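Heads up: the structure comes next, in structure tokens.
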Amino acid sequence: MARMDMADMASMAEARPSAERFFELGMMYSTGDEADADLVAAHKWFNLAAANGVAEASMYRQEIAREMSAEEVAAAQRAAREWLNRH
């Protein structure tokens, strides 16, 4: 698969993805498959997926949170709130 660039990610985020797409974004950022690995971004997307009913997302969110500092978790939570406020 081709890696996604930031313009692709921005346009996708503007489209208000489904809960499943939030989960896919979390997986993508946690594994680094289609984008550079970024645990803060992964946590944000898993948080949004979990809030929208994807039970598996909360498990992954907890798993990556164990690898993050408290500041990183707080940044991810802020990013999720900011995303919700914008959309």
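Nothing in this text is a laboratory measurement; each read-out follows from the coordinates by a stated rule. Remember, predicted model here, so these are calculated numbers, not experimental data. Cβ placement follows ideal geometry from the backbone for every residue including glycine, while neighbour counts extend to all protein chains displayed.
Please go through segment 16-66 and pick out each residue that is touching a helix residue (DSSP H, G or I) at 6+ places or on another chain (Cβ under 6 Å) and either in contact (Cβ under 8 Å) with a residue 60 or more places away in the chain or of a type in the set (D, E, K, R) (or both).
Filtering segment 16-66 down to residues touching a helix residue (DSSP H, G or I) at 6+ places or on another chain (Cβ under 6 Å) leaves 19, 22-23, 25-26, 29-30, 34-35, 38-50, 52-54, 57-58, 60-61, 64-65.
The answer is 34, 38, 44, 61.
Taking segment 45-79, which residues are within 16 Å of residue 18 (Cβ to Cβ) and of a type outside the set (Phe, Trp, Tyr)? Let's see the steps before the verdict.
Taking segment 45-79 as the starting set, the residues that turn out to be within 16 Å of residue 18 (Cβ to Cβ) are 45-57.
47, 48, 49, 50, 51, 52, 53, 54, 55, 56, 57, listed by residue number.
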